[in-house]
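Report on one structure; see the data block that follows.
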Amino acid sequence: MATTTVCVPNEAARDGIPPVPEAVRIIMWDGFGDPPAGVADTEFLLGAYMGKPMPVESLAMMPRLRVIQLLSAGIDLWRPVLPEGVLLCNGRGVHGGSTAELAVTGILMLLRHMPHFVSAQQGHAWSPETGESLDGKGLLVLGSGDIGNRVAAALEVFGAVTTRVARTARAGVHGIDELPELLPGADIVLVSVPLTHQTRGLLDARALAALPDGAIVANIARGPIVDTEALADETEAGRLRAFLDVTAPEPLPPEHRLWSAPNVIITPHVGGGTQGWSRRGFQLARDQIARYVAGEMLHNVVSDDY
Ligand SMILES: NC(=O)c1ccc[n+]([C@@H]2O[C@H](COP(=O)([O-])OP(=O)(O)OC[C@H]3O[C@@H](n4cnc5c(N)ncnc54)[C@H](OP(=O)(O)O)[C@@H]3O)[C@@H](O)[C@H]2O)c1
């Protein structure tokens, strides 16, 4: 039986992924430092979660490479180093639930004035303010995929009215070309599209200006999809509110003006990677390795236009 060499980035993956089919040999390398024996036989490569992509020179040492499997849904950092002819699979589903939870948390915190109450509590002050309910709020979901659909389902329970946008129009989903007409009706915009050449700067100054006063921009996808300076202008002016788990640049420098803009809540890219994520991630890797060895279709294959 031919041996399939699988290269994993660290001890956690090496110890957490098995059991794998008998004919699989696991080696460990993240592409930095000396390569291990057998690296040239690698057919299936697992990328490190939240780590740097493997350098091009290291990937060039794997002439038999067929598949790169990532543990994140976002593939933007790996796209530029992807060798020709190698299939790229993402970690869609591994972090979707926890990231959607965080988006819901941030949106509710803004609607219910949580920053005000937290700071009032620190001063032992009983300081009522009238918050807003989700009932009847227009939720515009940019990217009707795993995260977008989970957030929509959660907010609809409380009466939010969802409008969905994806790459192409289909039943119940608008095409991205319709975005300009949809922005004025959005009380909340959830940004849950991948970062691609099409989505970079999607919410630019003009798009943000089309949102109604008081709208919330919730970005849990990637920072460069929203124009940071334009968003800072809008939030500093008190016209828009924002929940940001991702920013451009990242990390956001301590002196950046977004930190102190009113009605902006920032978390440091912690939507995914919650405790226990590796159980789902290694299960996905284990299943994909088994499919690859059996010659079956892989899941989560990322199309070329991503
Ligand atoms: N903050 C975090 O820790 C964290 C964690 C996980 C993921 N993320 C980010 O969130 C993104 C979304 O994750 P997901 O799991 O929900 O992905 P997903 O299930 O693949 O959904 C992506 C959605 O975006 C749409 N889309 C893609 N390109 C588009 C374009 N040019 N214009 C309009 N819509 C477009 C897709 O449209 P179709 O349905 O037409 O294909 C799909 O509906 C990831 O790419 C990643 O960058 C962040």
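Measuring with a 1.4 Å probe in the full set of protein chains, what accessible area per residue, in whole Å², belongs to the chain?
49 Å²
Per 0.36 nm of contour for each residue apart, how much would the distance between Ser303 and Ala2 grow if the chain were fully extended, relative to their Cα-Cα spacing?
105.4 nm
Can I get the semi-axes of the stretch 130-219's equivalent ellipsoid? Compute them from the C-alpha gyration tensor as square roots of 5 times the eigenvalues, in angstrom, largest first. Could the numbers behind the result be given before it?
Numbers: eigenvalues 78, 51, 26 Å².
Equivalent ellipsoid semi-axes, largest first: 20, 16, 11 Å.
Please compute, for the alpha-carbon atoms of the stretch 110-267, the extent along each of the three principal axes and give them in descending order in Å.
Principal-axis extents of the Cα atoms in the stretch 110-267, largest first: 51, 36, 25 Å.
Show me, for the stretch 220-233, the HN-Hα J-couplings you get by feeding each phi into the Karplus relation (A = 6.51, B = -1.76, C = 1.60, θ = phi - 60°), rounded to Hz, glycine and proline as x.
Listing the rounded values in order: 10, 8, 8, x, x, 6, 10, 6, 4, 5, 5, 5, 5, 4 Hz.
Per the Kirkwood treatment, what hydrodynamic radius in Å, one decimal, follows for the chain from the mean inverse distance over all distinct Cα pairs?
20.9 Å
Let me check the size of the stretch 68-200 from its C-alpha atoms; what are the radius of gyration and Dmax in Å?
For the stretch 68-200, the Cα-based Rg and Dmax read 18.0, 62 Å.
Per residue, what volume in Å³ does the convex hull of the Cα atoms of the stretch 1-69 enclose?
Hull volume over Cα atoms, normalised by residue count, gives 86 Å³.
Amide H neighbours of Ile27 under 5 Å, at least 5 residues apart or on other chains, H built in the peptide plane: list them.
Those lying under 5 Å, H to H, from Ile27 are Val6, Cys7, Val8.
Can you pull the Rg over Rh of the stretch 192-306, Cα-only, Kirkwood? Don't skip to the end; give the middle numbers.
Numbers: Rg = 18.1 Å, Rh = 16.3 Å.
Ratio of gyration radius to Kirkwood radius for the stretch 192-306: 1.11.
Checking a compactness column here: for the stretch 84-146, what do you get for Rg(Cα) / (2.2 N^0.38 Å), N being the number of residues?
1.72
In 10 Å bins starting at 0, how do the alpha-carbon pair distances of the stretch 11-149 split up by percent?
With 10 Å bins starting at 0, P(r) equals 9, 29, 22, 16, 14, 9, 2.
Residues with amide H under 5 Å of Val189's amide H, sequence separation 5 or more or different chain, H placed in the peptide plane at 1.01 Å from N; which?
Those qualifying (amide H under 5 Å, at least 5 residues apart or on another chain) are Leu140, Ile216, Val217, Ala218.
First obtain the Kirkwood hydrodynamic radius of the stretch 140-188 from its Cα pairs, then insert it into the Stokes-Einstein equation at 10 °C and 1.306 mPa s, and state the resulting D in µm² per second as a whole number.
146 µm²/s
Considering only protein heavy atoms and a 1.4 Å probe, what is the carbon-and-sulfur percentage of the accessible area of the chain?
On the way: 8160 of 14890 Å².
Ligands and nucleic acids excluded, carbon and sulfur give 55 percent.
Output ³J(HN,Hα) for the stretch 12-22: one whole-Hz value per residue in order, computed from phi by the Karplus curve 6.51 cos²θ - 1.76 cosθ + 1.60 with θ = phi - 60°, and x for Gly and Pro.
Those phi angles translate into 4, 6, 4, 8, x, 6, x, x, 10, x, 3 Hz.
Which of the GluC sites (Glu not before Pro) across the stretch 122-211 are loop residues per DSSP, with 15 or fewer other Cβ within 10 Å?
In loop regions of the stretch 122-211 (DSSP not H, G, I, E or B), the sparsely surrounded GluC sites (Glu not before Pro) are Glu129, Glu132.
Rounded to the nearest 500 deg cm²/dmol, what is the calculated helix-only ellipticity per residue at 222 nm for the chain, with -39500 (n - 2.57) per DSSP H run of length n ≥ 4?
Using -39500 (n - 2.57) per qualifying helix, the result is -7500 deg cm²/dmol.
Could you tell me the relative contact order of the chain? Use alpha-carbon pairs under 8 Å, at least six residues apart, and round to a whole percent. Before the final figure, lay out each step's value.
On the way: 565 pairs, mean separation 49.3, N = 306.
About 16 percent, as a whole number.
Pick out which of Thr274, Thr247, Thr196 has the largest mean-square fluctuation in a Gaussian network model of the chain, springs linking Cα atoms closer than 10 Å.
Maximum among the listed residues: Thr274.
In the stretch 14-116, what trypsin sites (Lys or Arg not before Pro) fall in a loop by DSSP, with at most 13 other Cβ atoms inside 10 Å? Numbers along the way, then the final one.
Numbers: sites: Arg14, Arg25, Arg64, Arg66, Arg92, Arg112; in loops: Arg64, Arg66, Arg92, Arg112.
Of the trypsin sites (Lys or Arg not before Pro), the ones in loops of the stretch 14-116 whose Cβ has at most 13 other Cβ atoms within 10 Å are Arg64.
The values are calculated or read from the model by the stated rules, or taken from the named source; none is laboratory data. Worth saying up front: this structure is predicted, and the values here are computed from it rather than measured. When we count neighbours, we look across all protein chains shown, and the Cβ atoms used for this are built from the backbone with ideal geometry, even at glycine. Areas reflect the complete protein model, heavy atoms only, side chains present, ligands, DNA and RNA absent. Shrake-Rupley method; radii C 1.70, N 1.55, O 1.52, S 1.80 Å.
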